[in-house]
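Please read the structure below before turning to the comments.
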Amino acid sequence: MLRDSLAWRQRFETDEIMKWDPPEAVKKFSAGGYFGVNKQGIPIWYELLGRIDVRGLLLSVSKKDLIRYRIKMTEYLFQERFHELSEMYGKKINRCIFICDLEGISMKHIWKPAVDVYTDILATVEANYPETLHCCYVINAPAIFPLLYSLVKPFLAPETRSKMRILGSNWKATLLKDINADQIPEHWGGTAKDADGNIYCESQICLGGPIPESYYLKNIQDNFDLTQFTTITINRGSSTYLDFKAEHPKSVLRWNFWTDNNDICFGIYRQTDAGKKSQNVQDMIQVVEPSRVNSHLVPEFGWIICDEPGIYIIHFDNTYSWVTAKKLSYLIEIAAPDNLKDLKVESTNF
């Protein structure tokens, strides 16, 4: 394991990474940053996932640079901050606190390419910086948090999961028990401000936000794992039905597809009689109204929450085209929410 870690450090040039200047889009729009310490001198990282323009970031920066940026932020702790704080407090400090603010999180943040990048970052940190986490406070957790957690849980060590606290509406009071008010920006319940009065302390914490298209790169295919996609041809005047089983209520059905030439009609239905091997679309419940999608111009992605368990049918319809066959590449998945039994949950949002 040590040999693997040393090889990894050499591959990412971690000893020299503090000299690396990340792309401007990363520096300006990767929401988060270090600010303050707790009452024991442990540094604090603010993770602001809901403020990240996930699609814009993946269209503006390579996946490698996104991972490298998080490595640089972690190396900053080991190469600089831990040493400074250890000298200041007269004891060894080698752990970090995470305040993970999920305000603004929505279903767009579970876009498959974005989840893949974030889980790769988690796996990298877990494998190469073990036991660095002191604790993680999750605040403003939305109703979809059990689903979000189910996607990242496989990449978190049991020790990491045991250090997570999902705080309720009184989260500001909870933070102040562990962290002095002058070490928390005013927006998060403390008294700290920037010199210009900014309550977020933006001089140290990036707030992310929408990324202008001027940052978009022309060739960014490496950010998208195309090996997981299935490619089919839907002949002229024909259609294709794909069925997916949602075993749990509140599961999420996610799709990502594009066509090589011309549009395709896309719709979703739920079977009303699961016992039948086949059922006419007219007898099913319409979940997403069929419409023609210009997926040859812009890849289509989206999601629905499956309120009821059952068989969901995705219909790609090309019956309106009597001349042109459509080459379609798609990735469709169903994700079930987690029961959160392994977490300390104080929130009542879910």
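The values are calculated or read from the model by the stated rules, or taken from the named source; none is laboratory data. Model, not experiment: these values are computed from the prediction. Counting neighbours? That spans all protein chains shown, and the Cβs are built from the backbone with ideal geometry, glycine included. Heads up: the accessible areas ignore ligands, DNA and RNA and are worked out on the full protein's heavy atoms, side chains in. Shrake-Rupley method; radii C 1.70, N 1.55, O 1.52, S 1.80 Å.
Of note, residue 238 does not satisfy the criterion of being under 25 Å from residue 326 (Cβ atoms) and surrounded by fewer than 12 Cβ atoms within 10 Å (Cβ to Cβ). Any residue at all in region 182-192 that is open to solvent by less than 20 Å² (accessible area, probe 1.4 Å), in contact with a helix residue (DSSP H, G or I) (Cβ under 6 Å, 6 or more places away or on another chain) and either closer than 29 Å to residue 115 by Cβ or modelled with pLDDT under 95 (or both)? No; the residues of region 182-192 include none that is open to solvent by less than 20 Å² (accessible area, probe 1.4 Å), in contact with a helix residue (DSSP H, G or I) (Cβ under 6 Å, 6 or more places away or on another chain) and either closer than 29 Å to residue 115 by Cβ or modelled with pLDDT under 95 (or both). Taking region 76-103 as the search range and keeping residues that are more than 22 Å from the chain's Cα centre (by Cα) and crowded, with 19+ Cβ neighbours inside 10 Å, which one is farthest from residue 21 (Cα to Cα)? Per the criteria, the residue is 93. Every condition in (1) at pLDDT 95 or above; (2) out of contact with any Pro (no Cβ under 7 Å at 6 or more places or on another chain) is met by residue 288 except one, and the failing one is (1).
If you take the residues of region 121-167 that are over 25 Å from residue 82 (Cβ atoms) and of a type in the set (Gly, Ala, Ser), which of them is nearest to the chain's Cα centre (by Cα)? Among those that are over 25 Å from residue 82 (Cβ atoms) and of a type in the set (Gly, Ala, Ser), it is 150. Of the residues making up region 242-290, those that are open to solvent by 60 Å² or more (accessible area, probe 1.4 Å) and among the hydroxyl-bearing types (Ser, Thr, Tyr) number 2.
Inspect region 200-207 for any residue being assigned to a helix (DSSP H, G or I), of a type outside the set (Val, Ile, Thr) and open to solvent by 30 Å² or more (accessible area, probe 1.4 Å) and give the result as yes or no. Within region 200-207, none of the residues are assigned to a helix (DSSP H, G or I), of a type outside the set (Val, Ile, Thr) and open to solvent by 30 Å² or more (accessible area, probe 1.4 Å). For region 8-23, what are the residues that are over 14 Å from residue 71 (Cβ atoms) and open to solvent by less than 20 Å² (accessible area, probe 1.4 Å)? None - no residue of region 8-23 is over 14 Å from residue 71 (Cβ atoms) and open to solvent by less than 20 Å² (accessible area, probe 1.4 Å), so the list stays empty.
Scan 26, 54 and give me the residue that is touching a Phe, Trp or Tyr at 6+ places or on another chain (Cβ under 7 Å), open to solvent by 20 Å² or more (accessible area, probe 1.4 Å) and hydrophobic (A, V, I, L, M, F, W, C). Only one candidate passes the filter, namely 54.
Do any strands (runs of 3 or more DSSP E) lying entirely in region 238-343 carry at least 2 residues that are in contact with a strand residue (DSSP E or B) (Cβ under 7 Å, 6 or more places away or on another chain) and more than 20 Å from residue 110 (Cα to Cα), and which ones are they?
On the way: elements: 239-246, 251-259, 264-270, 285-293, 300-306, 310-317, 326-335.
It comes to 239-246, 264-270, 285-293, 310-317, 326-335.
Residues in region 256-280 that are over 21 Å from residue 325 (Cβ atoms) and of a type outside the set (S, T, N, Q): 268, 269, 270, 273, 274, 275, 276, 277. Scanning region 31-45 for residues that are buried (at least 19 other Cβ atoms within 10 Å of the Cβ) and in contact with a Pro (Cβ under 8 Å, 6 or more places away or on another chain) turns up 35, 36, 37. Applying the criterion of being open to solvent by 40 Å² or more (accessible area, probe 1.4 Å) and polar (S, T, N, Q) to the residues of region 325-348, the residue that is farthest from the chain's Cα centre (by Cα) is 348. Is there a residue in region 136-146 that is at pLDDT 90 or above, open to solvent by 20 Å² or more (accessible area, probe 1.4 Å) and polar (S, T, N, Q)? Yes, because at least one residue in region 136-146 is at pLDDT 90 or above, open to solvent by 20 Å² or more (accessible area, probe 1.4 Å) and polar (S, T, N, Q). Criterion first (of a type in the set (S, T, N, Q) and touching a Ser or Thr at 6+ places or on another chain (Cβ under 8 Å)) does residue 318 satisfy it? Spelling it out, residue 318 is indeed of a type in the set (S, T, N, Q) and touching a Ser or Thr at 6+ places or on another chain (Cβ under 8 Å). For region 95-114, which residues satisfy the criterion of being closer than 19 Å to residue 68 by Cβ and part of a helix (DSSP H, G or I)? Listed by number, the residues that qualify are 113, 114.
Note on region 1-78: enclosed helices (runs of 4 or more DSSP H) holding 3 or more residues that are free of Cβ contacts under 8 Å to residues at least 60 places away in the same chain are 2-11, 63-76.
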